[in-house]
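Scroll down for the structure; my scribbles are underneath it.
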Amino acid sequence: MRISTRQAFYALSLLVVLGTPTIALSEEIGTSCADCPNYSGAYSIENQTGVTINYRYRWGNKHPWKSMSLPSGRIETHSYPLGENRSTRVPTPYVRFDSIGGDGGAYTPQEYRMEFYAVGYAGYGPTVNRTQPKRYYFQYAADRRHINLFAR
């Protein structure tokens, strides 16, 4: 079978078009953040009192208080996103609770300014991933009426 010059030209043109990468249809090439650091500021509270503790918490003075009920023997972790920078400035966390139990329903507020640790994924490389939040615990005082919040 003989191929004409015109057919050869069209076949060659088709091969060039199909074999050349098409820039307009290609995916964009860029950097991925799959291995970028991702941190949260976190603290945890453990209840060692033998009774459920109701408390409120918030991050900073501009965020609303949120209510929490923490059964005895349980731990609750509170966190705030930091993004890629573990040193990002974030609102200070606060915890508020009734510090006297068994007083006929009277509310004696106690408020603490909390500290937190940056936890999460440190990204690719030699940086160590911190996974433990700053730890606190509720515990009754020796009189079994006053409730305190301690740091570990």
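Read-outs: derived from the displayed coordinates by stated rules, not from any lab. Quantities reported herein were computed from a predicted structural model and do not represent experimental measurements. Every residue, glycine as well, gets a Cβ built from its backbone with ideal geometry; the counts of neighbours run over all protein chains shown.
What to note about this one:
- Burial order of peptide ranges 75-84, 126-135 (average beta-carbon count within 10 Å, highest first): 75-84, 126-135
- For the pair ARG6 and VAL90, the difference between a 0.36 nm per residue extended length and the Cα-Cα distance amounts to 23.1 nm.
- Among residues other than GLY101 with Cβ under 9 Å from its Cβ, the summed charge is 0 (Lys and Arg +1, Asp and Glu -1).
- A cut-off under 15 angstrom between Cβ atoms defines the neighbours of ARG144, and their net charge, with Lys, Arg +1 and Asp, Glu -1, is -2.
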